[in-house]
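Enquirer: Got a structure here, written out as structure tokens. Questions coming.
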Amino acid sequence: MKKLSSVLICVFAAMQLSFAQQEITQPSKGVQYGKKIDGADAITVSELSEKLKSAGKFSGQVKGKVVEVCKKKGCFLTLKRDNGETVMVRFTDYAYFVPEDIIGKTVAVEGRAKVKETSVDWLKHYAEDKGASKEEIAKIDKPGKDISIVADGVVLLN
């Protein structure tokens, strides 16, 4: 009986831990998510596009306006580009998340950027996380080629 009680207590404790949510700091200027950065050396999204044309990859800080944040738990964000497209920013090892309240704010992210092809499956996954309808998701039938950043840290600039 003691063994059964111990097992049940362990199972209950594990369930509580697995359902615990990480507290996300609400946005205000200077708030950090992930690695601490200051954004002082950040280049613009336009400058990043130009650097990637010649170098193919970039490491450093990039700043831009947040267009979207993952609706499920803040596990990615997108930055606005001048041509109307966006830059996908994911977070290293999903080690941190950002709140939806940063949409419309300017942030700096530090990490590694490259131009990559995104499969149809991943495009559908991202569309689902953004809250797209089943009809919108069904229309995705070609891979996309876009700029992707894996960020170690994010700081809210305004």
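The values are calculated or read from the model by the stated rules, or taken from the named source; none is laboratory data. Quick caveat: nothing in here was measured; it's all calculated off a predicted structure. Neighbour counts run over all protein chains shown; Cβ positions are idealised from the backbone, glycine included.
Enquirer: Any chance you could count how many residues in segment 98-132 are at pLDDT 90 or above, within 13 Å of Pro143 (Cβ to Cβ) and buried (at least 17 other Cβ atoms within 10 Å of the Cβ)?
Expert: Qualifying residue count for the region: 1.
Enquirer: Quickly run through segment 120-158 and pick out the residues that are of a type in the set (Ser, Thr, Tyr) and either without any contact (Cβ under 8 Å) to a residue 40 or more places away in the chain or out of contact with any strand residue (DSSP E or B) (no Cβ under 8 Å at 6 or more places or on another chain) (or both).
Expert: Ser133, the sole residue that qualifies.
Enquirer: Does at least one position in segment 85-97 carry a residue that is modelled with pLDDT under 90 and not aromatic (Phe, Trp, Tyr)?
Expert: Within segment 85-97, one or more residues are modelled with pLDDT under 90 and not aromatic (Phe, Trp, Tyr).
Enquirer: Let me ask another. Sort through Lys65, Lys71 and tell me the only one that's closer than 15 Å to Asp101 by Cβ, in contact with a helix residue (DSSP H, G or I) (Cβ under 7 Å, 6 or more places away or on another chain), in contact (Cβ under 8 Å) with a residue 24 or more places away in the chain and not acidic (Asp, Glu).
Expert: Result: Lys71 is the single residue among Lys65, Lys71 that is closer than 15 Å to Asp101 by Cβ, in contact with a helix residue (DSSP H, G or I) (Cβ under 7 Å, 6 or more places away or on another chain), in contact (Cβ under 8 Å) with a residue 24 or more places away in the chain and not acidic (Asp, Glu).
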